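For reference, the structure is listed below as structure tokens.
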Amino acid sequence: MQEIEIAPMSPARFRTVLPHERFEQFEGAAAETRELLDGRAVWNINSTARGGGVVELLQSLLAYARGVGIDARWVVVEGTPEFFALTKRIHNRLHGAAGDGGPLDAAARDAYEKTLAENLAEFAGRVQEGDIVIVHDPQPAGMIAALRKVGAVVIWRCHVGIEHANDYVREAWAFLRPYILPADAYVFSREAFVWEGLDRNRIAVIHPSIDPLSPKNEDLSPEVVHAVLRASGLLAGDVAATPAVFTRHDGTPGRVERRAQMLEDEPLREGVLVVAQVSRWDALKDPLGVITGFAHHVPPETGAHLVYAGPAVEAVADDPEGLRTLQDAIALRDRLPEPARRRVHLASLPMEDVNENAIIVNALQRYATVVTQKSLAEGFGLTVAEAMWKARPVVASRIGGIEEQIVQRDTGILLDDPHDLVAFGAAITDLVANADEAACMGHRARERVRDRFTSVRNLLDYAILIKRLVGPSVDERRARRP
């Protein structure tokens, strides 16, 4: 297993974006949690260090936890392509889709357990009695029982889910349930995602969050936005005009040096209206529907162009279906009539430097007039909160956690049917044509994120859960001291 180094960051930075009373509440909780966890490590286990919302959550939350003096750590399981193909199948079925491959049968269980046993052989000896271990999603769930046996307090954090379970979902639950049942707590992103048959006393609901001060979300001037997009190849123009510099997650300076791989007839020109979706190359994010809906139902008279941007597929180890989805998107774009094809741009963003990737996404979302997230299934969909924080109106499917983020026609537009491409195109066209309404919607969206979906809120939620599990309270511990 690979341990990921996390540099501490001081949460004092949040004074610039939070009301005074909320920051004071956070500081008090941080001090109490630090004393409660004295001598304990808080481990986080997931399946990749690059790409996806879970990675971004961990990067920020663990850095701030370390910044308040908590021994927060992050390890990544290793596996074969066959293991990740299996866990992708489980992921798809948790979303109610068949995915690739066969059933989740005894052979699948053997392959799953064999890989995790190899990881455990290296890792279990590092965990001490009383440590907290947060196991993220299906990939490492099979390690929970062994970690409980060494005396750790184990939390299973499920970042994916669906409101209405079908047979595929229940098949995935049946496969995973024996592995997760020993956990001390089960954390879901929404109440509607909680599995049937779990002990209600061990369930917690914690919304994911964004870090408003990270490279992906920090405020950027228009000059920097243009410089980053030119340097990364998303926008035509003189690369030398303004340096594409930014501040990395650890506070050190960075510069955009790598270019995206662009599939387009010609580069975007400054001043062109942009509709953007930033997602992994995943069929459940529906890149084919986004391209088709835009090309056929957003009139050329709007002057709008679509940029669908995803990570370079070779960089995302735990998603073996990404390359095929990207190839399907390229083939669909190639089949479009020439006038429509000229308005569709596909971007594979560089992933060698995660901070560089983040600043490119930040600039693209800020440059866009409208941001979309037309997913067919979604755990929570933090790309929505990212765009809302940048005061952009979002057109998104009414599914999963997206519905927790957007208030219909107030902070964005929710599509009741993600397959309704006519409605998708109409919503985009309406926002592009009504700039004042779109701007007001974006402003309200930013305030909603400030109130509900920042890292501080997430850290407070985890502090409450850990206090509940670890006990006794700090006051009781103090009272027993000589």
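The values are calculated or read from the model by the stated rules, or taken from the named source; none is laboratory data. This is a predicted model, so every value here is computed, not measured. Every residue, glycine as well, gets a Cβ built from its backbone with ideal geometry; the counts of neighbours run over all protein chains shown. Accessible surface areas use protein heavy atoms only, side chains included; no ligands, DNA or RNA. Shrake-Rupley method; radii C 1.70, N 1.55, O 1.52, S 1.80 Å.
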In the neighborhood of residue 197, defined by Cβ-to-Cβ distances under 14 Å, what is the net charge if each Lys or Arg adds +1 and each Asp or Glu adds -1?
+2
Amide H neighbours of residue 71 at under 5 Å, excluding residues fewer than 5 places away on the same chain, with H built from the backbone geometry, are 42
Which residue, 465, 306, 426, has the largest displacement toward the positive end of the dipole of the chain when charges sit on each Cβ (Lys, Arg +1; Asp, Glu -1)?
465
Please work out the average accessible area per residue across the chain, using the 1.4 Å probe convention, and give it in Å².
39
For the ranges 327-333, 195-201, what's the packing order if you count other beta-carbon atoms within 10 Å of each residue, average per peptide, and put the highest first?
327-333, 195-201
What do you get for chymotrypsin sites (Phe, Trp or Tyr not before Pro) in the stretch 382-469 restricted to DSSP loop and a cutoff of at most 11 other Cβ within 10 Å of the site's Cβ?
none
Test of understanding: what is the full-extension gain from residue 269 to residue 191, defined as 0.36 nm times their sequence separation minus their Cα-Cα distance?
23.6 nm
Rounded to the nearest 0.05, what FRET efficiency do residue 434 and residue 398 have when you use their Cβ-Cβ distance and R0 = 25 Å?
0.75
When the accessible area of the stretch 368-476 is computed with all protein chains present and a 1.4 Å probe, what percentage of it is carbon and sulfur?
50
Setting aside same-chain residues fewer than 8 positions from residue 285, which aspartates and glutamates have a Cα under 12 Å from its Cα?
378
Rounded, prolate or oblate: which fits the stretch 335-482, taking a ≥ b ≥ c as square roots of the Cα gyration tensor eigenvalues, rounded meaning a/c under 1.5, else prolate when a/b beats b/c?
prolate
Residue 5/residue 200 FRET efficiency (R0 35 Å; Cβ-Cβ; nearest 0.05)
0.40
Just check the stretch 55-137 against the gyration tensor rule for me: Cα atoms, a ≥ b ≥ c as the square roots of the eigenvalues, rounded for a/c under 1.5, and otherwise prolate or oblate depending on whether a/b exceeds b/c.
oblate
Any aspartates and glutamates with Cα under 18 Å of the residue 216 Cα? List them, leaving off those in the same chain fewer than 8 positions away.
56, 250, 257, 352, 353, 356, 386, 447
The chain: relative contact order from alpha carbon pairs under 8 Å, six or more residues apart, as a whole percent, is 15
Does the stretch 244-389 classify as rounded, prolate or oblate by the C-alpha gyration tensor (a ≥ b ≥ c root eigenvalues; a/c under 1.5 gives rounded; else a/b over b/c gives prolate, otherwise oblate)?
prolate
7 Å from Cα along Cα→Cβ at both residue 82 and residue 98: what's the point-to-point distance in nm?
2.3
Restricting to Cα pairs below 8 Å that are 6+ residues apart, what does the relative contact order work out to for the stretch 297-377? Please round to a whole percent.
36
Theoretical gain in end-to-end length, residue 245 to residue 148 [0.36 nm per residue, Cα-Cα removed]
30.3 nm
Dividing the mean separation of Cα pairs under 8 Å (6+ apart) by the residue count of the stretch 29-176 yields a relative contact order in percent of 29
